[in-house]
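Asks: The structure under discussion is supplied below as structure tokens; questions concerning it will follow.
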Amino acid sequence: SLGSISVLVCESQPIVIEGLQKVLADTNDLVFAGAVSRPAEALDAIQRIHPDVVLIDGSTGLTAALRLLGHLKATGPAHPVLWVVDLPEMDAFRALQMGARGIVKKTLATNTLLECLRAVGAGQIWMQESDQVADFLQRKDASRLTPREKEVVRLICRGLRNKQIAENLHIAPGTVKVHLMHVFEKTGLKDRLALAVHGRELAGVELSASDRAGS
């Protein structure tokens, strides 16, 4: 129906698929568009169904999930959400760089998953800290970041570690830590991952049309 968000699920356990189907059926705006059991089968289904969002189970192995993310980034328009039991920070970075638009834990409440699907379906990037960030951006405190702090945030968005950031900016690794401490204090964000998700807004990096076309 008009204004609804269709969701294709990539999940190996029938009971989980059935549960999700029931949960989506109880909403007014989310539609269960189908399910595949392996990431490898998802591409065909996406071309057939044209879902708005693809919920990808990452618990069967991250490699296959990341490969699917890479394909989706290249072929467009379905927005991928990674559904994981747990995800180390560096893997989450990789997933975001590969084009994941949301990362949500399977241990979270159903409502949180629905919130994520809605946000991603509406074209946003979603992670658990998003509420804080939205508040922060609305307060316009983002402009309080110094130019150097914004540079650090930009490099974090590219997945660089402190040592690499230090080399890039010709400063000491200890100085990078101090800048990061200030950024966390000013933004209220908890970790590098949250920064990576929201760094574009924080660092005031507006994507140009050509960037968007290439992303």
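Asks: So which residues in segment 5-32 are open to solvent by 30 Å² or more (accessible area, probe 1.4 Å) and assigned to a strand (DSSP E or B), if there are any at all?
Replies: Correct list: 31, 32.
Asks: Looking only at residues that are open to solvent by 40 Å² or more (accessible area, probe 1.4 Å) and in contact with a Leu (Cβ under 9 Å, 6 or more places away or on another chain) in segment 76-89, which one is modelled with the highest pLDDT?
Replies: This residue is 79.
Asks: Answer with yes or no whether residue 70 is out of contact with any Ser or Thr (no Cβ under 6 Å at 6 or more places or on another chain) and within 17 Å of residue 128 (Cβ to Cβ).
Replies: Criteria not met by residue 70.
Asks: Does residue 142 satisfy the criteria of being open to solvent by less than 30 Å² (accessible area, probe 1.4 Å), within 19 Å of residue 91 (Cα to Cα), at pLDDT below 80 and in contact with a Gly (Cβ under 8 Å, 6 or more places away or on another chain)?
Replies: no
Asks: For residue 165, are the conditions met, namely being touching a His at 6+ places or on another chain (Cβ under 9 Å) and modelled with pLDDT under 85?
Replies: Considered against the rule, which asks whether it is touching a His at 6+ places or on another chain (Cβ under 9 Å) and modelled with pLDDT under 85, residue 165 comes out as no.
Residues checked against (1) polar (S, T, N, Q); (2) within 18 Å of residue 20 (Cα to Cα); (3) within 13 Å of the chain's Cα centre (by Cα); (4) open to solvent by 70 Å² or more (accessible area, probe 1.4 Å):
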| position | (1), (2), (3), (4) |
| --- | --- |
| 47 | yes, no, no, yes |
| 58 | no, yes, no, no |
| 96 | no, no, yes, no |
| 111 | yes, yes, no, yes |
| 121 | no, yes, yes, no |
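Asks: Something else now. Scan segment 80-107 for residues that are in a strand (DSSP E or B), among the aliphatic types (A, V, I, L, M) and touching a residue at least 40 places away in the same chain (Cβ under 8 Å) and jot them down.
Replies: 81 - this is the single residue of segment 80-107 that is in a strand (DSSP E or B), among the aliphatic types (A, V, I, L, M) and touching a residue at least 40 places away in the same chain (Cβ under 8 Å).
Asks: Now, a different point. Any chance you could count how many residues in segment 48-79 are in a helix (DSSP H, G or I) and touching a residue at least 24 places away in the same chain (Cβ under 8 Å)?
Replies: Residues meeting the conditions: 13.
Asks: Report yes if residue 125 is modelled with pLDDT of 85 or more, surrounded by 15 or more Cβ atoms within 10 Å (Cβ to Cβ) and of a type in the set (Val, Ile, Thr), otherwise no.
Replies: For residue 125, the condition - modelled with pLDDT of 85 or more, surrounded by 15 or more Cβ atoms within 10 Å (Cβ to Cβ) and of a type in the set (Val, Ile, Thr) - is not met.
Asks: Just to be sure before I move on: is residue 12 farther than 17 Å from residue 106 by Cα and free of Cβ contacts under 8 Å to residues at least 60 places away in the same chain in the structure I sent?
Replies: Here the answer is no, as residue 12 does not meet what is asked.
Asks: Taking the stated definitions as given, is residue 172 over 21 Å from residue 58 (Cβ atoms), of a type in the set (Gly, Ala, Ser), surrounded by fewer than 20 Cβ atoms within 10 Å (Cβ to Cβ) and modelled with pLDDT under 80?
Replies: Answer is no for this residue.
The values are calculated or read from the model by the stated rules, or taken from the named source; none is laboratory data. It should be emphasised that the depicted structure is a prediction, and the values quoted were computed from it without experimental measurement. Using ideal geometry, Cβ is built from the backbone for each residue, glycine included, and neighbour counts are taken over all protein chains shown. The area values use the complete protein model at the heavy-atom level, side chains included, leaving out ligands, DNA and RNA. Shrake-Rupley method; radii C 1.70, N 1.55, O 1.52, S 1.80 Å.
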